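Enquirer: One structure is given below, represented as C-alpha cells, and several questions about it will come after.
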Amino acid sequence: MKVIVAAAAATIALASVANAADLVVYSAGPKPLSGGLAKGFTKMTGIKVKLFQSNSGKVMARYQAEKSNPQVDVIISASWGHAITLNKSGDLLAYTSPNAAKIPASLKTKTYAAQGAAALAIAYNTKSGLPKPKQWSDLTKPVYKDQISMPDPAKAGSALTLVQGLASAQGDKAWKLFEALAKDGMIVPGANRAALRPVLQGARGVVFGAVDYIALGLKKKGETLEVIHPTQGTVLAPRPIMIAKSSKNQAAAKKFVDYVLSKEGQTLVAKRLILPARTDVKALRPGWKELKIINYDYVKAAGEAEVTKAKFAQSVGK
Amino acid sequence: MSDLKIEHISKSFGSVTVLSDISLTVESGSFVTLLGPSGCGKTTLLRIIAGLETADTGSITCGDRTFVNAEQGRFADPQDRKLGFVFQDYGLWPHLTVAENVAFPMRMAKAPAAEIEVRVAEVLGVVRLSEHAEKLPEQLSGGQKQRVSIARALSGKPQLILFDEPLSNLDANLREELGQEIRILSKQFGLTCVNVTHDRREAQILSDQIALMKDGVIHQLGRPEDMFRQPRDVWAAQFLDAGNILPANRELPGGNGSAAEVLVPRGAFELTDNGQGIVVEVLNCIFIEDRYEVTARFNGDIIKVFSPRYLTMNETVTLAVREEDLVRFD
Amino acid sequence: MTTDKSAEKGRRLRPALFGLSTFLLIVIVGFPVLAIIMFALFPYINELSFREPFNVLLPNLSNPRLIEATLNSLSLSFAVTILSAVIAVPLAYMRARFPLRLGRIWDACYLVPFLIPPYIGSLAWMQLLQRKGFIEQWLGFNMADFLFSFPGIVTVMARHLFPLIYFTTSNAFAIIGSRYGDVAKVFGGRPVQVFFRIYLPMVLPALLSSSLIVFILTIEEFGTPEILGSRFGYEVIVTSIHEKFSDWPIDLPGASVLSLILIFIAFFAFQAHQKLSDKFQTTVENQTIDRRGEPLPPVYLAIVILIFGSIFVLAVVLPIVTVGIAAFMDTVSGGVTADNMSFKNLLGLFDRESEAWGAILTSLSLAVMAAIGTVVIAIIVAFTIVRLRSAATVFLDFLAILPNSVPGMAVAVGLILTWNQPWWPVTPYNTPLILLLAYLCLMLPYPIRMVTAALRQLPKSLDDAAYISGASELVVIRQVLAPLLLPIALAAGFIVFAISTRELVSSIMLAPAGVETVATYVFHQFDQVSVGSGMAMSLVAILVSGSIIAFGQKLQGKNRTGGGS
C-alpha cells in the first residue's frame, strides 16, 4: 500500500519535469481561446507552450508572487489596467510586432498591444417580457424597476472601464444615472458572472454593463439573451498581451505575440466573438464600424481608479 | 526477585511538597502496602517507582538495576524497569482480547511466539480465566477484568509488581476473595510487591508490611498486626481504626494522668459481674460478622466494645479492661 | 548498576516525536503563513527586498469599511458556530443511542454536506429560492428576502459545517457511554435534564474543539458570503481580501495585511478555546467505546428518524436535487421545462476534447494522498500535543489551526512565495506535488482537531499500561492508540478526502500547466457562465466522492473494535 502511494507520487512528479525551452504563458480566459492559441502556435513553430489559464486577477497574483524567481514569458490579461501598471513599474519588455501594424493606435503601445477587445453592452433576457432597452439611460424607466443587475467595478475591470468611460464622456450626468438606477433597485452582486446569472435565471431582467462576447456566446448557445450596444456610446475593454522583461525565452515570446496578432491568431479571437484588435480581420459581431466608442485617457483613469470606485460605491449606496 | 531500595525520595509539584525524604526497603518476595489518606503522596511514590513520574531527590534501585538517581538526573523509562502494574481501572486495552492483553509484555520483549502462547495459557490458568482467553474486556465482569490485569502483570516474569488500589473497584465479597488470591499468588511465586491503598482492610489482607503515610512522609512502618496493636500516635490509631481513643483518667487501669490519651482496643474489654471495672451505659448492640458489637457511653465518651452476648439498650454494665492491651500516647 | 542503552533509545524517542511533529507543521503550515505575514510587513518581499517596510499596514487598517467587515466576520462566525452546534449536538446524542446499522447510514449521509462545495451549495440555494427560482416555479412563492440576509447566510453556512461538530461529538458521546446517564436517571433526571446536565458537560472538550474549527472556517470562507452577501451589500474580511485579487488592480501586500487580521482572530479564538478547555477537562475512566446504545421505544425512534430525515433533506437532498436539475438544463434561461432538459451537459463531460476525466483522476488521487497523509500526520501530532504536553506543544496546537484562519488564496500566495525560490535544490513548485502540499496545509487542521479531541478522552492508563509492559512511544501510538482512534481517524480522513476533491482556490493558483482538478474544471466552466456544464461536473464529483466514501464506510463496518458504527 505504501509502495503504491510512493510510486504514484513519484510518477506524478516525474511526469511534469519542465523543459526549459518551453514557452510559459499566463492567460485570462476564455479557456478555449488561450488553449486554441497555444495549440496553433505549437503547430506552427514546434515550440511547446505551458499554459496557466485563469482570470486576470489570479494571473497577475501568480506573476507578482513569483517575482523572486520569475517563471512566465507572456502574459495575457482581460484588463488593460494591468498592462498600465506593469509598464509603469518597468516589468515589460518593449516589443512592437510587425503584425501590430493594423491595430488602432489606441490599442497599442511600445510595450503592450491588445489581443482583442470586449465591448460593454446591455444584455437582457427576452423571456422577461420587458421592452428592449436601447440606451444606458433607458434603464431608469419605471418598467425596469427591480430588474437591473450590474457588475461591481470593484471586482470587475470591465465594469470599472464602463464607469470611467461614462464619467469621462458625460461627467455628472453619469453619476446621476447610477444613483437613479440604484434607487430603482439595481443590484450590484459581484463580478461579471454574478451579475449575469440572475438575468439568465429569470430573477432579474437586464444587465447594465455586460461583457458583450460572453453574452453573445451564451446567446449562440441558446440562452434567451439579447445584446445591445447603446448608440449613445460604449467603451472597449481591451485585452493586453505583454512580454515579461524577466522572460528567459524572449525570442519565443516575441514569436508568440506575432502569432496572436497574426491573421490566424486574430481569427481565433474573432471566433470567440471578441472584437479582434486588427481592423483587417473580420469580426463576427458588431465591429469597429458599428460601434460608437467612447475614447478616454486610459492611463489617467487608471491613476484615479480608487477614487472612481469609491465614488461609484457611494452613488449606489454601498 | 530482588530487594527494592527507596532512598531519600522527595517530590514537589510546583510549591506543593508531595513526598519528603522517603526511605523504604522492600525485601525480595515481600508485599508492602503504602497506606494513607488521599493526598499523602502514596500514589505519587508508586508512580515514581513505576517510572511514570520523576523525583526531585533520592534514588531507587531494584537488585542491580538503577531505576532512579535524581542527583544524576537518571530516570529509567518504565519500559526498561521490567515491572508489572495492576491499575485501579484495570487498564485493559479494549480492542485486544484477554489473551492479547496478557501477551503484550512478552510481545514487547520480543519473546518467540511459541513461548508467549505457553506462558499466556499458564498465567490465565493461574487466575482461572483460561476459557475466557478469546473474549474482549467489555465482556468480562469487574473481578474478571482485574484478574486479567493481574495475569498481564505476571506474564512478563517481572521482578517487581506494583498495585494501584487493585480492589477498590470491586464489590465487598470479591474484594476479600481476590485480595486473598493475590496474597497467595504473591507468595507462591515469590513476588516482590508494592501496593497503594487508602483502605486499611485491603492493606491488612495483602501485606507483609504496611507503610502508613501522612503528608508526604512514612508515618509508621510495620507488620499489620504490629501497626494495629501498637499504633504510633493518636492519628495512626484513628486511621487504622485500632480501637477507642479515650482521655487517660483514673478509672482506666494505669491511668495516672501523665499520658494524654489511651488506645483501648475493642477486644480489651470484658463483661464482668464482679464490679471491678468501668461502668458504661449501652447505647446500641448489633450482630456483625460473627459477634456482637456494642456502642456504649463511658463518662461522656462513646466507645465500641465486643460482647459475647446481646446487651439491651440503656442497660448498664461493668467492663473490665485488660491493661496489657492498652497503648498510651503522650 | 545498569541503565541500559535501550533506556537511552527510549529517551530519544520522545524528543524525536516532538521534533518530527514540529518539523512537519513548520514546513507544511508555518512557512506559507510566515510568508504571508512577511508580505504584510514588507510589501516588496516578493522581490526579496525589505524596502518600504510597514507602509502598507496603516492605509489598509485604517479603512473604515474594514471595521464593518471585521464585525460582520465575527458576528457571522459566532452565529454559524452556535447554529451548527444546535443542529449537530442533539443529532450526535441521538446517534449515540441508535442501533448500529441505522447509525452508520446516518453517518454516511452527514458526510455528504461536505461534498457539496460552499459556493455550489449557495448557487443551488439561489437557484431554488430566488425570484423566479425553482420554488417559485413550483410552489408560487420565493424566499429571496430570507436567503439574501444575515439569517440566510448563517443558515446556508451552518448547513455546510455542522457535520464537523456532529462527528466529533457523536464520537465523544459514544466513548462516554450510557453509565453516567443511567446514574442521573436513577436520581430522577428526565432525558432533557440528563442531556444538559450530564452529557453536555462531558462532551464539552470535543464540542469546543470542533466548534473552534467551525468558527475559524466560517471566518475564512469566501464562496457563500461572496455569492449571497453581495446581494445585500454584506461584506466580510474575506470578501475584502478577495477584492484585492479579483481583477484590477491587485494588491497582494494589502491582501496579506487583511490576512493578518484573520490570523489574529484565529489566535484569540484559539486562546479562548484553550482557556475554556482547561476548565472542562474530563477524561473517562473505564473507557470502552460503547456504541451499543439502548433500544428506543418505537414512538421515540420514529421521531428521531423524522428529525434526522428532515435535516438530511434540507442539508443534502434539496441542494443536490437542485444541482442535478441544473445539470440537466440545456440553457439556464430555458427554465425547468421538458424540452430544456437533456443529457447534453453530462455527455459533454466525456467528450474526447474535454479534460474532465483527467481532472477527476487527478482530484481523486490527490484527495486520497491528502487524506492518508493528513491522518497519519494528525495522529503523530495529536500524540505530541496531548501526551507530550508542554509549553511548546501549545504552539504546535496553534500552528495546527492556523491554515484554516487564512483564506485559501492567501495560503496559495504564501506557498508560491515559499517554494518558488531559486535557492531550493528541489522544489515541488510547478509539479502536482505542490497541490498535495497545498491540500496538506489546508486540510491538516481537521484531522488534528478531531484526533486530539478523541485522544484527550482516552485515559492515560492505557498508555501507561503499555509503557510498563515494555512498549515504546511508537508502539503505543501504533498498537494501543491508533486502533482506538480508528473511528475518528477514518471520519477525519473522509472529510479531508471530501474537501480535497472540491478544493478550488489554491488549486487554481498552484496547478501547473496542463493539470486540472475537478474544481478548477468546474471553475473554468462557470467563468464562461456555462452553469449547466459546471453543475454537471459538480454532480459527477459529488456522486463519485460520495460512492467512495460510502464504500469506505462499509469497509469500516467490518472493523472489530466498534469502529463499525
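The values are calculated or read from the model by the stated rules, or taken from the named source; none is laboratory data. The model shown is predicted, which means the values in this text are computed figures rather than measured ones. Backbone-built Cβ (ideal geometry, glycine too); neighbour counts: all protein chains shown.
Enquirer: Which residue pairs have Cβ atoms under 8 Å apart, sit 6 or more places apart or on different chains, and have a first residue in region C:233-253 that is on the phi > 0 side of the Ramachandran plot and a second that is of a type in the set (Lys, Arg) and outside any helix (DSSP H, G or I)?
Expert: C:GLY233/A:LYS318
Enquirer: Determine the pairs where a residue that is more than 7 Å from chain C (Cβ to nearest Cβ), located within region B:77-92, has a partner that is of a type in the set (Ser, Thr, Tyr) and crowded, with 24+ Cβ neighbours inside 10 Å with Cβ atoms under 6 Å apart, the partner being 6 or more residues away or on another chain.
Expert: Every condition considered, the pairs that remain are B:VAL86/B:SER149; B:TYR90/B:SER149.
Enquirer: Would you say B:ARG183 is in contact with a helix residue (DSSP H, G or I) (Cβ under 6 Å, 6 or more places away or on another chain), surrounded by fewer than 22 Cβ atoms within 10 Å (Cβ to Cβ) and assigned by TED's automatic domain parsing to the domain that holds B:MET108? Steps first, please.
Expert: Working: in contact with a helix residue (DSSP H, G or I) (Cβ under 6 Å, 6 or more places away or on another chain): yes; surrounded by fewer than 22 Cβ atoms within 10 Å (Cβ to Cβ): yes; assigned by TED's automatic domain parsing to the domain that holds B:MET108: yes.
Yes.
Enquirer: Test each condition in (1) surrounded by 24 or more Cβ atoms within 10 Å (Cβ to Cβ); (2) at pLDDT 85 or above for C:ILE120 and report the one that comes out false.
Expert: Here C:ILE120 meets the rest and fails (2).
Enquirer: Out of the residues in region C:234-278 that are β-branched (Val, Ile, Thr) and more than 14 Å from chain A (Cβ to nearest Cβ), which is nearest to C:LEU208 (Cα to Cα)? Outline the logic, then answer.
Expert: Of region C:234-278, the ones β-branched (Val, Ile, Thr) are C:236-239, C:241, C:250, C:257, C:261, C:263, C:265.
Filter again for more than 14 Å from chain A (Cβ to nearest Cβ), leaving C:237, C:257, C:261, C:263, C:265.
Values: C:ILE237: 24, C:VAL257: 29, C:ILE261: 22, C:ILE263: 19, C:ILE265: 16 Å.
The qualifying residue nearest to C:LEU208 (Cα to Cα) is C:ILE265.
Enquirer: Collect the residues in region C:51-69 that are surrounded by 12 or more Cβ atoms within 10 Å (Cβ to Cβ) and either on the phi > 0 side of the Ramachandran plot or in a loop (DSSP other than H, G, I, E, B) (or both), keeping them in residue-number order.
Expert: As a first pass, look at region C:51-69 and keep what is surrounded by 12 or more Cβ atoms within 10 Å (Cβ to Cβ): C:53, C:55-57, C:60-61, C:63, C:65-66, C:68-69.
Selection gives C:PRO53, C:ASN55, C:VAL56, C:ASN63.
Enquirer: Does region A:222-239 include one or more residues that are assigned to a helix (DSSP H, G or I) and either in contact with a strand residue (DSSP E or B) (Cβ under 6 Å, 6 or more places away or on another chain) or within 14 Å of chain C (Cβ to nearest Cβ) (or both)?
Expert: To start, the set of residues in region A:222-239 that are assigned to a helix (DSSP H, G or I) comprises none.
Taking every residue of region A:222-239 in turn, none turns out to be assigned to a helix (DSSP H, G or I) and either in contact with a strand residue (DSSP E or B) (Cβ under 6 Å, 6 or more places away or on another chain) or within 14 Å of chain C (Cβ to nearest Cβ) (or both).
Enquirer: Out of the helices (runs of 4 or more DSSP H) lying entirely within region B:181-252, which hold 2 or more residues that are more than 13 Å from the chain's Cα centre (by Cα) and more than 18 Å from B:GLU323 (Cα to Cα)?
Expert: B:234-240
Enquirer: Moving on to the next point. Would you say A:ILE241 is of a type in the set (Val, Ile, Thr) and surrounded by 24 or more Cβ atoms within 10 Å (Cβ to Cβ)? If you could, list the steps in order and put the result at the bottom.
Expert: Numbers: of a type in the set (Val, Ile, Thr): yes; surrounded by 24 or more Cβ atoms within 10 Å (Cβ to Cβ): yes.
Yes: the conditions hold for A:ILE241.
Enquirer: Can you say whether A:ALA123 is out of contact with any Lys or Arg (no Cβ under 8 Å at 6 or more places or on another chain) and without any contact (Cβ under 8 Å) to a residue 24 or more places away in the chain, as far as the supplied structure shows?
Expert: On the way: out of contact with any Lys or Arg (no Cβ under 8 Å at 6 or more places or on another chain): yes; without any contact (Cβ under 8 Å) to a residue 24 or more places away in the chain: no.
So A:ALA123 does not fit the description; no.
Enquirer: Please work out if C:SER500 is under 24 Å from C:TYR166 (Cβ atoms), of a type in the set (Ser, Thr, Tyr) and either buried (at least 21 other Cβ atoms within 10 Å of the Cβ) or more than 10 Å from every other protein chain (Cβ to nearest Cβ) (or both).
Expert: On the way: under 24 Å from C:TYR166 (Cβ atoms): yes; of a type in the set (Ser, Thr, Tyr): yes; either buried (at least 21 other Cβ atoms within 10 Å of the Cβ) or more than 10 Å from every other protein chain (Cβ to nearest Cβ) (or both): yes.
The answer is yes for C:SER500.
Enquirer: Across region A:25-40, what is the number of residues that are in contact with a helix residue (DSSP H, G or I) (Cβ under 6 Å, 6 or more places away or on another chain) and under 21 Å from A:LYS245 (Cα atoms)?
Expert: The qualifying residues number 3.
Enquirer: Scan region A:282-299 for residues that are without any contact (Cβ under 8 Å) to a residue 40 or more places away in the chain and either assigned by TED's automatic domain parsing to the domain that holds A:TRP136 or touching a helix residue (DSSP H, G or I) at 6+ places or on another chain (Cβ under 7 Å) (or both) and jot them down. Before you say what the answer is, go through the steps one by one.
Expert: Narrowing region A:282-299 to residues without any contact (Cβ under 8 Å) to a residue 40 or more places away in the chain: A:282-284, A:287, A:289.
Result: A:LYS282, A:ALA283, A:LEU284.
Enquirer: For region C:155-175, check the following and say yes or no: at least one residue is under 30 Å from C:THR337 (Cβ atoms) and either within 14 Å of chain A (Cβ to nearest Cβ) or buried (at least 23 other Cβ atoms within 10 Å of the Cβ) (or both). Spell out how you get there, then give the answer.
Expert: We begin by selecting, within region C:155-175, every residue under 30 Å from C:THR337 (Cβ atoms); these are C:155-156, C:159.
Cutting the leftovers down to either within 14 Å of chain A (Cβ to nearest Cβ) or buried (at least 23 other Cβ atoms within 10 Å of the Cβ) (or both) gives us C:156, C:159.
Checked region C:155-175: at least one residue is under 30 Å from C:THR337 (Cβ atoms) and either within 14 Å of chain A (Cβ to nearest Cβ) or buried (at least 23 other Cβ atoms within 10 Å of the Cβ) (or both).
Enquirer: Scan region A:142-191 for residues that are in contact with a helix residue (DSSP H, G or I) (Cβ under 9 Å, 6 or more places away or on another chain), farther than 23 Å from C:ARG65 by Cα, within 11 Å of chain C (Cβ to nearest Cβ) and of a type outside the set (Ser, Thr, Tyr) and jot them down.
Expert: A:GLN147
Enquirer: Sticking with this one: Scan region A:206-224 residue by residue and report those that are within 16 Å of C:GLY334 (Cβ to Cβ) and in contact with a Ser or Thr (Cβ under 7 Å, 6 or more places away or on another chain).
Expert: Passing the criteria: A:LYS221, A:GLY222, A:GLU223, A:THR224.
Enquirer: Can you name the number of the only condition in (1) surrounded by fewer than 24 Cβ atoms within 10 Å (Cβ to Cβ); (2) touching a strand residue (DSSP E or B) at 6+ places or on another chain (Cβ under 6 Å) that A:GLY217 fails?
Expert: Every listed condition holds for A:GLY217 apart from (2).
Enquirer: Scan (1) over 26 Å from C:LEU543 (Cα atoms); (2) over 21 Å from the mean Cα position of the chain (by Cα); (3) surrounded by fewer than 23 Cβ atoms within 10 Å (Cβ to Cβ) for the single condition C:GLY103 breaks and write down its number.
Expert: (1)
Enquirer: Of the conditions (1) in a strand (DSSP E or B); (2) more than 14 Å from chain C (Cβ to nearest Cβ), A:ALA123 clears all except one; give me its number.
Expert: Of (1) in a strand (DSSP E or B); (2) more than 14 Å from chain C (Cβ to nearest Cβ), only one is false for A:ALA123: (2).
Enquirer: Turning to a different aspect of this structure: Taking region B:151-169 as the search range and keeping residues that are away from chain C (no Cβ under 11 Å) and not in a strand (DSSP E or B), which one is modelled with the lowest pLDDT? Quick ask: steps written out before the conclusion?
Expert: Pass one, region B:151-169, residues away from chain C (no Cβ under 11 Å): B:151, B:154, B:157, B:159, B:163, B:165-168.
Within this subset, residues satisfying the condition of being not in a strand (DSSP E or B) are B:151, B:154, B:157, B:159, B:165-168.
Details: B:ALA151: 93, B:LEU154: 90, B:LYS157: 86, B:GLN159: 82, B:GLU165: 89, B:PRO166: 89, B:LEU167: 89, B:SER168: 85.
Step by step, filter region B:151-169, then rank; the result is B:GLN159.
Enquirer: Within region A:248-269, how many residues are assigned to a helix (DSSP H, G or I) and crowded, with 20+ Cβ neighbours inside 10 Å?
Expert: Going through region A:248-269, the residues assigned to a helix (DSSP H, G or I) turn out to be A:250-260, A:263-269.
Still in the running and crowded, with 20+ Cβ neighbours inside 10 Å: A:252-253, A:256-257, A:259-260, A:265-266, A:268-269.
Residues flagged as assigned to a helix (DSSP H, G or I) and crowded, with 20+ Cβ neighbours inside 10 Å within region A:248-269 amount to 10.
Enquirer: Now for a different question. Does A:ARG204 meet the test of being touching a residue at least 12 places away in the same chain (Cβ under 8 Å) and assigned to a loop (DSSP other than H, G, I, E, B)?
Expert: Working: touching a residue at least 12 places away in the same chain (Cβ under 8 Å): yes; assigned to a loop (DSSP other than H, G, I, E, B): yes.
Criteria met by A:ARG204.
Enquirer: Considering only region C:396-488, give the helices (runs of 4 or more DSSP H) lying wholly within it that have at least 3 residues that are on the phi > 0 side of the Ramachandran plot, in contact with a strand residue (DSSP E or B) (Cβ under 8 Å, 6 or more places away or on another chain) and within 12 Å of another protein chain (Cβ to nearest Cβ).
Expert: Fully inside region C:396-488 and qualifying: nothing.
Enquirer: How many residues does region A:46-90 hold that are assigned to a helix (DSSP H, G or I) and out of contact with any Asp or Glu (no Cβ under 6 Å at 6 or more places or on another chain)?
Expert: Taking region A:46-90 and keeping what is assigned to a helix (DSSP H, G or I), we get A:56-65, A:80-88.
Pick out the ones that are also out of contact with any Asp or Glu (no Cβ under 6 Å at 6 or more places or on another chain) and you get A:58-65, A:80-88.
Residues meeting the conditions: 17.
Enquirer: Here are some residues: A:ARG197, A:ARG193, A:ARG278. Which one is modelled with pLDDT of 90 or more and of a type outside the set (A, V, I, L, M)? Even if it seems obvious, please write down each step before you answer.
Expert: Numbers: A:ARG197 fails: modelled with pLDDT of 90 or more; A:ARG193 fails: modelled with pLDDT of 90 or more.
The match here is A:ARG278.
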